[in-house]
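The values are calculated or read from the model by the stated rules, or taken from the named source; none is laboratory data. Owing to the predicted nature of the structure, the values given are computational and were not obtained by experimental measurement. So basically every Cβ, Gly included, is an ideal-geometry build from the backbone, and we count neighbours across all protein chains shown.
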Amino acid sequence: MSDTIQLPRWIDVGVLPLMNLVLAFLISGLVVMAIGEDPTEVVRIMLYGAFGYEEAVGYTLYYTTNFVFTGLAFAVAFHAGLFNIGVEGQAYIGGLGVTLAALYLNWIPAPLMPVVSILAAALFGAAWAYIPAYLQARRGSHVVITTIMFNFIASSLMVYLLVNVLRPQGSMTPESAAIDENLTLPYIHDMAGWFGFDMTSSPLNFSFVYAIACCVLVWLFIWHTRWGYAIRTVGANAAAATFAGIEPGRYIILAMMISGGLGGFMALNEVMGVQHRLLIDFTAGYGFVGIAVALMGRNHPFGIFLSALLFGMLYQGGAELSFEIPTITNDMVVVIQGLVILCTGALEHMFRPRVTRIYTAWRLRQRAQEAA
Amino acid sequence: MDNFQMVVLLLDATMRTSTPLILAALAGMFSERAGTINLALEGMMLGGAFSAACVAYYTDSHWLGLGAAVLTTMALSLLHGFACITHKGNQVVSGMAINILMSGLTALVGIALFAQGGKTPALDHDARFQPITLPGADAVADVPILGSLYSELISGHNILVYVAFLAVPASWWILYRTRFGLRLRAVGENPGAVDTAGISVVGMRYKSVLCSGFLVGISGAYLSTAQGASFLSDMTAGKGYIALAAMVFGKWRPFPAMFACILFGFLDAAATRLQGVVLPGIGEVPVQLVQALPYILTVILLAGFIGRAVAPKSLGRPYVKER
């Protein structure tokens, strides 16, 4: 291996993920062809559906918001070397916190409600992540399995609560009572209206702004604080961390709780921003897609934002697609997601040896020419 | 007698609900004992169920359906192996990717082929595995207790149920009494030692994921062509994960895993019967609690409160040859 050269950063974080992504899209194109549709037409409809008109952009960014939160959630745990498969459940329980706060703390002045919702989402999400985190840190149970189990436990718990406790009397559908409209998060088109801009209405709401703020905060936290440094050290080498006086268990718990809290924020967008009530399965797999978002974004907030945008585009474009081409349902988007996770996550190293070889050959020739 | 009859019926249902779990848990065990985490059981099961239903529908043969299911899941396990073993990709991510991919792909292809919202058409008599009556079951049916246990509980299932229960001792024998099994377990504990002995670690791991694919394929076929009569989208409904939990609960060993599957299958069978039932002294049992119990129990076990579940030592670690 001594005659190879370290790949420069632009290949490592730019070219390689892009190659994996292209591969995923090529396979998706083959799937589209296999069921008898035209891939170029599909791409055209999806792009138009995602960015073609103002309302579409709003929807795209609304989906992006969910993916930013779940992607950040996964990434923070990942920096501590943990696979938090439980973002789905943590977001679900975060929704419970947000709903309880909005329904039972409704005496709080409306302007304070966003802060209270944020706290409630973070608290409940973090609490749900705490148990697997504690079990990993102190009793050595593997966080992957416990978080999977906690997703199912959360799902059962929420069905029970929605059917038996939160459902208003006389209602047949298992969902909570509606949240007072004064307390919900403002829509972006309303916010634009305050400043005299006219925008088409869309589900895009204040959570999007908060999601961007979270990107910055996570970046500051991971790379510019003592705790972030400790978390990365534990993730890179727990034994070395112990040597350096960093107790891994503490930072495993810290990283998981922050991760759970960020996951819980997804409920802000869904419950406080758009649905204005707690619905069954409102998390709809966003937590799992967060894994792909984080991996594609190389666990960096900026990358996560870009890949969240890509997934937001896929979601909104996919909705348009199922509207235009009846044989292609939303399942196509699920297939593309699966392929993107497979190619950018699991097969992440597939092209690396070849690219390294080509790059090395190119560099060596260049050096030889310089010498000559 | 009435209560006895009810218990027999409940146990009978337990056999049917635990069958796919047993097959999938054994599948997970083969893969994980050799060091490859297999979170893809759920997706593979779904893919197997879909292929089985499709092929059984077109050919009117449940055996061809089973074959198609097994081929599909073995292909998927090769994909899992390609990502995890050849390219040393992350095993958890690969498993999740296959789950998501299959959840979308089965629905998409189902709609493209049959246009019934992701379902496959209902299967006829020949396209499904039918219950078989074991020899003498009718003759002893009138014998009290033992006779009815034999004729109702043991007899009268389709062949895949018996296959699942026989796969347990077979897996035990393969894992603990054959050279192949010894090497497979060794690859999961100390691949370096196996490599030193001149056995290909990569080869062994591929063989183990293929075994895994083979078994989980049968469980998929069972869902759509034996227990059910068609494929429904997302019909596995978390069974792959329950099987995974059962495997962990059984500490990665065949017989304990089987008992865990029977326990979880029993909880599943009981949950549907407990809907709205008021138990004396306890009150109405929330069905959701019974449904969540397998997961809660597994967490408690993993926390080390019921014995200790120790995973194979190099589980999740790709093997890198020293240079």
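Checking A:Asn182 against (1) under 30 Å from B:Val93 (Cα atoms); (2) modelled with pLDDT under 85; (3) surrounded by fewer than 19 Cβ atoms within 10 Å (Cβ to Cβ); (4) not β-branched (Val, Ile, Thr), which test does it fail?
Every listed condition holds for A:Asn182 apart from (1).
When you scan segment B:80-98, do you find a residue that is within 17 Å of B:Ala122 (Cα to Cα) and not in a helix (DSSP H, G or I), even just one? Give the steps one after another, and end with the answer.
As a first pass, look at segment B:80-98 and keep what is within 17 Å of B:Ala122 (Cα to Cα): none.
No, every residue in segment B:80-98 fails to be within 17 Å of B:Ala122 (Cα to Cα) and not in a helix (DSSP H, G or I).
Does A:Phe243 fit the bill of being touching a helix residue (DSSP H, G or I) at 6+ places or on another chain (Cβ under 9 Å) and among the aromatic types (Phe, Trp, Tyr)? Steps first, answer last, please.
Details: touching a helix residue (DSSP H, G or I) at 6+ places or on another chain (Cβ under 9 Å): no; among the aromatic types (Phe, Trp, Tyr): yes.
Against the criterion (touching a helix residue (DSSP H, G or I) at 6+ places or on another chain (Cβ under 9 Å) and among the aromatic types (Phe, Trp, Tyr)), A:Phe243 does not qualify.
For segment A:172-193, indicate whether the set of residues that are in contact with an Asp or Glu (Cβ under 8 Å, 6 or more places away or on another chain), at negative phi, within 12 Å of chain B (Cβ to nearest Cβ) and small (Gly, Ala, Ser) is non-empty. Write out each step before concluding.
If we filter segment A:172-193 for residues that are in contact with an Asp or Glu (Cβ under 8 Å, 6 or more places away or on another chain), which is where we start, we get A:192.
Cutting the leftovers down to at negative phi gives us A:192.
Now narrow it down to the ones that are within 12 Å of chain B (Cβ to nearest Cβ): none.
No: zero hits.
Residue by residue through segment A:250-287, note down the ones that are surrounded by fewer than 24 Cβ atoms within 10 Å (Cβ to Cβ) and more than 17 Å from A:Arg232 (Cα to Cα).
Restricting attention to segment A:250-287, the residues satisfying the condition of being surrounded by fewer than 24 Cβ atoms within 10 Å (Cβ to Cβ) are A:250, A:253-254, A:257, A:274-277, A:279-282, A:284-285.
Selection gives A:Val274, A:Gln275, A:His276, A:Arg277, A:Leu279, A:Ile280, A:Asp281, A:Phe282, A:Ala284, A:Gly285.
Out of segment A:139-169, which residues are surrounded by fewer than 18 Cβ atoms within 10 Å (Cβ to Cβ) and at the interface with chain B (Cβ under 9 Å from one of its Cβ atoms)?
Within segment A:139-169, the subset surrounded by fewer than 18 Cβ atoms within 10 Å (Cβ to Cβ) is A:139-140, A:163-165, A:167-169.
Listed by number, the residues that qualify are A:Arg139, A:Gly140, A:Val163, A:Asn164.
Inspect all residues belonging to segment B:130-145 and state whether any of them is closer than 30 Å to A:His142 by Cα and of a type outside the set (S, T, N, Q).
Scanning segment B:130-145, I find no residue that is closer than 30 Å to A:His142 by Cα and of a type outside the set (S, T, N, Q), so the answer is no.
Among the listed residues A:Leu72, A:Leu23, A:Leu61, identify the single one that is surrounded by fewer than 20 Cβ atoms within 10 Å (Cβ to Cβ), in a helix (DSSP H, G or I) and in contact (Cβ under 8 Å) with a residue 24 or more places away in the chain. Walk me through how you get there before you give the answer.
Numbers: A:Leu72 fails: surrounded by fewer than 20 Cβ atoms within 10 Å (Cβ to Cβ); A:Leu61 fails: surrounded by fewer than 20 Cβ atoms within 10 Å (Cβ to Cβ).
Sole residue among the options that is surrounded by fewer than 20 Cβ atoms within 10 Å (Cβ to Cβ), in a helix (DSSP H, G or I) and in contact (Cβ under 8 Å) with a residue 24 or more places away in the chain: A:Leu23.
Testing B:Thr106 on (1) surrounded by 23 or more Cβ atoms within 10 Å (Cβ to Cβ); (2) more than 7 Å from chain A (Cβ to nearest Cβ); (3) without any contact (Cβ under 8 Å) to a residue 24 or more places away in the chain, one condition comes back false. Which one is that?
(3)
Name the residues in segment A:330-361 that are buried (at least 22 other Cβ atoms within 10 Å of the Cβ) and polar (S, T, N, Q), would you?
Listed by number, the residues that qualify are A:Gln337, A:Thr344.
Taking the options B:Gly192, B:Gly156, name whichever one is more than 18 Å from the chain's Cα centre (by Cα) and on the phi > 0 side of the Ramachandran plot.
On the way: B:Gly192 fails: on the phi > 0 side of the Ramachandran plot.
Every option except B:Gly156 fails the conditions.
Given A:Pro132, A:Pro114, which one is part of a helix (DSSP H, G or I) and within 9 Å of another protein chain (Cβ to nearest Cβ)? Steps first, please.
Values: A:Pro114 fails: within 9 Å of another protein chain (Cβ to nearest Cβ).
Checking each option against the conditions leaves just A:Pro132.
Step by step: first the residues of segment A:307-328, then only those that are buried (at least 21 other Cβ atoms within 10 Å of the Cβ) and over 17 Å from the mean Cα position of the chain (by Cα), then the one that is modelled with the highest pLDDT. Which residue is that? Steps first, answer last, please.
So in segment A:307-328, the residues buried (at least 21 other Cβ atoms within 10 Å of the Cβ) come out as A:307-308, A:311-318, A:321, A:328.
Of the ones still in play, those that are also over 17 Å from the mean Cα position of the chain (by Cα) are A:317-318, A:321, A:328.
Working: A:Gly317: 89, A:Gly318: 86, A:Leu321: 85, A:Ile328: 79.
This residue is A:Gly317.
Check off (1) among the small types (Gly, Ala, Ser); (2) in a loop (DSSP other than H, G, I, E, B); (3) under 20 Å from A:Ala102 (Cβ atoms); (4) in contact (Cβ under 8 Å) with a residue 12 or more places away in the chain for A:Ala211 and give me the number that stays unchecked.
In the conditions (1) among the small types (Gly, Ala, Ser); (2) in a loop (DSSP other than H, G, I, E, B); (3) under 20 Å from A:Ala102 (Cβ atoms); (4) in contact (Cβ under 8 Å) with a residue 12 or more places away in the chain, A:Ala211 misses (2) alone.
With under 19 Å from A:Gly273 (Cβ atoms), assigned by TED's automatic domain parsing to the domain that holds A:Ala80 and touching a residue at least 24 places away in the same chain (Cβ under 8 Å) as the only criterion, which of A:Ile179, A:Ile153 stands out?
On the way: A:Ile153 fails: under 19 Å from A:Gly273 (Cβ atoms).
Answer to the check: A:Ile179.
Residues that are out of contact with any helix residue (DSSP H, G or I) (no Cβ under 6 Å at 6 or more places or on another chain) and not assigned by TED's automatic domain parsing to the domain that holds A:Ser202: find the helices (runs of 4 or more DSSP H) completely inside segment A:253-372 holding 2 or more of those. Reasoning before the result, please.
Numbers: elements: A:286-296, A:301-324, A:331-340, A:352-371.
The qualifying helices (runs of 4 or more DSSP H) are A:301-324, A:352-371.
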